Amino acid sequence: MDRVEEFDAHFSSLIEKSKDRSLRIIKLEKSIPEVYQKDIELFLKKFFEKDPFEFKPEDLEDVMVNGKVVKQVKLDRRPSTYLSLFRFLELYRQQLFSIKEDISALSQIIKKEKASYKIQDSLKSSALNEALSAGRIYKNIHGLVQNLCIKLIRQINEELHEALSTQGKDAFINLRKVISEVYIKSYFNPEYDKLFVNSMFMLAVSKKIRSERLQILSSLENM
């Protein structure tokens, strides 16, 4: 068994243990292989696809931003452990994948129907505008997710290396240890703050672009 296979078996067992929310210690004893720094989407999907972070209505509050009331995640409902940070990034990965998929589908539909009158011009225009807007969001946020995940993996590996050096082979990193907002920001900004500022907007864009796709498909089916 090579190093990546050993890590995968170890980390998969930790993910299984973490399903028990009452467990306060989840011991990471092997560093995260470099291959996952080069393909963070593979890492997130492989280990966290079935349990992404979730924003519930009670996790949100109304705040005033530039004279407008907007929804924002409450401070005490934000990720506070390494595990929850990975789950937060997986939420973004899934939403960005969905946005990319819908943009591609809309582009193909509009291109295919461009010369026909099957889709109303107003519907085409609306869908195109939403696709362009979603495309800009995808481009801006995708890089933030990539960078934050790389920072997170490197920080965990550095902490584990230091622990092994000072405490010996039985050292570990507790992936469920509660870490402060100050600590998170000190190591993971500007990506962390930017992703949170855009989290509700990103979810809204994902919902909107999916709605545009379904609306056009419905329009075509009714022709």
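The values are calculated or read from the model by the stated rules, or taken from the named source; none is laboratory data. None of the values given here were measured: they were computed from a predicted structure. Cβ placement follows ideal geometry from the backbone for every residue including glycine, while neighbour counts extend to all protein chains displayed.
Computed values, structure above
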| quantity | calculated |
| --- | --- |
| Flag if Lys194 is surrounded by fewer than 15 Cβ atoms within 10 Å (Cβ to Cβ), more than 20 Å from Lys30 (Cβ to Cβ), modelled with pLDDT under 90 and under 16 Å from the mean Cα position of the chain (by Cα) | no |
| Every pair of residues 6+ apart whose Cβ atoms lie under 7 Å, when the first sits in segment 63-79 and is touching a residue at least 60 places away in the same chain (Cβ under 8 Å) while the second is loosely packed, with under 13 Cβ neighbours inside 10 Å | Val70/Val63; Lys71/Asp62; Gln72/Glu61; Gln72/Val63 |
| Where Leu132 falls short, out of the listed (1) under 26 Å from Asn198 (Cβ atoms); (2) touching a residue at least 40 places away in the same chain (Cβ under 8 Å); (3) of a type outside the set (Lys, Arg) | (2) |
| So Ile184, is it touching a Pro at 6+ places or on another chain (Cβ under 8 Å) and surrounded by 15 or more Cβ atoms within 10 Å (Cβ to Cβ) | yes |
| Output for segment 106-122, where each listed residue is surrounded by fewer than 17 Cβ atoms within 10 Å (Cβ to Cβ) and either in a helix (DSSP H, G or I) or at pLDDT 85 or above (or both) | Ser107, Gln108, Lys111, Lys112, Asp121, Ser122 |
| Residue that is surrounded by the most Cβ atoms within 10 Å (Cβ to Cβ) [pool: residues in segment 1-26 that are at pLDDT below 95 and either touching a His at 6+ places or on another chain (Cβ under 8 Å) or among the aliphatic types (A, V, I, L, M) (or both)] | Val4 |
| Looking only at segment 153-173, and only at residues there that are surrounded by 16 or more Cβ atoms within 10 Å (Cβ to Cβ) and closer than 18 Å to Phe47 by Cα, the one that is farthest from the chain's Cα centre (by Cα) | Ile173 |
| Residue that is farthest from the chain's Cα centre (by Cα) [pool: residues in segment 1-51 that are within 23 Å of Ala171 (Cβ to Cβ) and aromatic (Phe, Trp, Tyr)] | Phe7 |
| Whichever residue in segment 27-40 is part of a helix (DSSP H, G or I) and either in contact with a Phe, Trp or Tyr (Cβ under 8 Å, 6 or more places away or on another chain) or surrounded by fewer than 14 Cβ atoms within 10 Å (Cβ to Cβ) (or both) and, among such residues, is modelled with the lowest pLDDT | Lys38 |
| Residues (under 26 Å from Phe97 (Cβ atoms) and surrounded by fewer than 16 Cβ atoms within 10 Å (Cβ to Cβ)) located in segment 46-59 | Lys46, Glu49, Lys50, Asp51, Glu54, Lys56, Pro57, Asp59 |
